[in-house]
1. Please count how many residues of region 84-124 are touching a Phe, Trp or Tyr at 6+ places or on another chain (Cβ under 7 Å) and either part of a loop (DSSP other than H, G, I, E, B) or open to solvent by 30 Å² or more (accessible area, probe 1.4 Å) (or both).
2. When you scan region 54-65, do you find a residue that is more than 22 Å from M109 (Cα to Cα), in contact with a Phe, Trp or Tyr (Cβ under 8 Å, 6 or more places away or on another chain) and at pLDDT 95 or above, even just one?
3. Could you list all residues from region 13-23 that are β-branched (V, I, T) and open to solvent by 50 Å² or more (accessible area, probe 1.4 Å)?
4. Restricting to region 99-118, name every residue that is under 13 Å from Q3 (Cα atoms) and either touching a strand residue (DSSP E or B) at 6+ places or on another chain (Cβ under 6 Å) or of a type in the set (D, E) (or both).
Amino acid sequence: QVQLVESGGGLVQAGGSTRLSCVASGSIVSINAMGWYRQAPGKERELVATISSGGSTTYSISVKDRFTISRDNAKITVYLQMNSLNAEDTAVYYCNADDALAYDNGRYMMRDYWGQGTQVTVSS
């Protein structure tokens, strides 16, 4: 079974920085893209950033000049460097693997996988 494990969440002061990591494990053949989503209290989950296997990136408008997504394809790990954090960035951040092909429970499957999320809290 494919597992996505996030780390790096916690409490950070406004204006500060932190880096989230997501490690994918399991019998993974390929992943088209990986990304980060977030969900703030009372709001729906939203896209933060994505990165393809070839390195192409996308960002939400609200984070484009502050966050940087990167990945290590050999380790199947994706990172989110978060700078100039503000209170609006407080949310649970979820790692996503898009169109992942993996040997899962006896057969090859292609679908999206999600991590359990990690809380990022930005304080004043």
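The values are calculated or read from the model by the stated rules, or taken from the named source; none is laboratory data. Please read all numbers here as calculations on a predicted model, not as lab measurements. For neighbour counting, all protein chains shown are included, and Cβ atoms are generated from backbone atoms with ideal geometry for every residue, glycine included. Just so you know, the surface numbers come from the protein's heavy atoms only, side chains and all, with ligands and any DNA or RNA stripped out. Shrake-Rupley method; radii C 1.70, N 1.55, O 1.52, S 1.80 Å.
1. The qualifying residues number 5.
2. yes
3. Just the residues of region 13-23 that are β-branched (V, I, T), to begin with: 18, 23.
Once the filter is applied, which keeps residues that are β-branched (V, I, T) and open to solvent by 50 Å² or more (accessible area, probe 1.4 Å), region 13-23 yields only V23.
4. Across region 99-118, the qualifying residues are A100, L101, A102, D104, D112, Y113, W114, G115, G117.
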